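Everything on this sheet refers to the single structure shown next.
The numbers here are math on the coordinates, done by the rules we state, and not lab data. Since the model is a prediction, treat every value here as computed from it, not as a measurement. FYI the Cβ positions are ideal-geometry reconstructions off the backbone, even for glycines, and counts take in every protein chain you see.
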């Protein structure tokens, strides 16, 4: 029987044998993983746990919060606040940062998370997930502010997500490729089931919300029209469309078998550069995709080169198979020239 490698063993090897991560980062990732297991339990209970439906409140972006949004946010805060590996946390569901209280030791890392991505799918039992990103606290002083979080994605120390689907799957990078862990419910631990994941450079699948087609900018319309034209069109091949309306699920599919995911700027809210959040969603997913050989841009530049100007900044996202992302990015650049 093939020896099973647990998440803990994998991280210890990354720390001790390869020197890729410090002990504090290892502990932080383990705590996040344990929090994800608790969230998975709540998700799996569904109506039996009385966690479905809305909470009757809105987050800082003006979005209606689901009960599980708030539960997941609280689970992640409670799990991470006391361990000594964090200085502060930031979440899509909180107005500002959550600083580790003085009564606890303060660590050298910053944690950002979308506690439950794909909230619109909760009540219909479709895959949802947790996205997280880890930054180093650059300022050596004890105090921490929002400005400490405003780092480009290329400075991430680690990133990952946990998808709550038929299996509970944790996908992780610490800057040395992408590893996949599956929750063994009988043992209660995440087990390594794939590593060195690679996204194919070419694909025949795209993911986009076609209902917004009339609002797209010309480069996105051009790209999608070429895909829809199939073998008779300029691409000379037929494409399939997939859209789960959960970034975690769509990106997981792309990491598993290739594809391109687009959530572009559109004319409905022209003053906003995009819908997705740069720091909680785009940066961690871009890090994973690049570590798997793919590409991630906002249509004009590499997402992980962007320097955030505010905590809840939004961004246009195009990521996945390298050659497809490059094509749609070239179309944007041609249109801007």
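Quick notes
- Considering only 218, 207, 159, the mean-square fluctuation computed in a Gaussian network model of the chain, springs between alpha carbons under 10 angstrom, is largest for 218.
- Helix axis angle, 218-228 relative to the chain longest principal axis, alpha carbon, degrees: 80 degrees
- For the chain, averaging the sequence separation of C-alpha pairs within contact (under 8 Å, six or more residues apart) and dividing by the residue count gives a relative contact order of 15 percent.
- Look at 36, 227 and count the other Cβ atoms within 10 Å of each Cβ; fewest to most, that gives 227, 36.
- Angle between the chain longest axis and helix 67-80 axis [Cα atoms, degrees, rounded to 10]: 50 degrees
- Approximate spin-label separation residue 155-residue 9, in nm, with each point projected 7 Å along Cα-to-Cβ: 3.7 nm
- Relative contact order for segment 267-318: 51 percent, from Cα pairs under 8 Å spaced at least 6 residues apart, divided by residue count.
- Per-residue Cβ neighbour rank within 10 angstrom, fewest leading, 241, 94, 247: 241, 94, 247
- Relative to the dominant Cα principal axis of the chain, helix 247-257 is inclined by about 70°.
- Per-residue Cβ neighbour rank within 10 angstrom, fewest leading, 34, 176: 176, 34
- Over segment 7-195, Cα pairs under 8 Å with separation of 6+ residues give a relative contact order of 15 percent.
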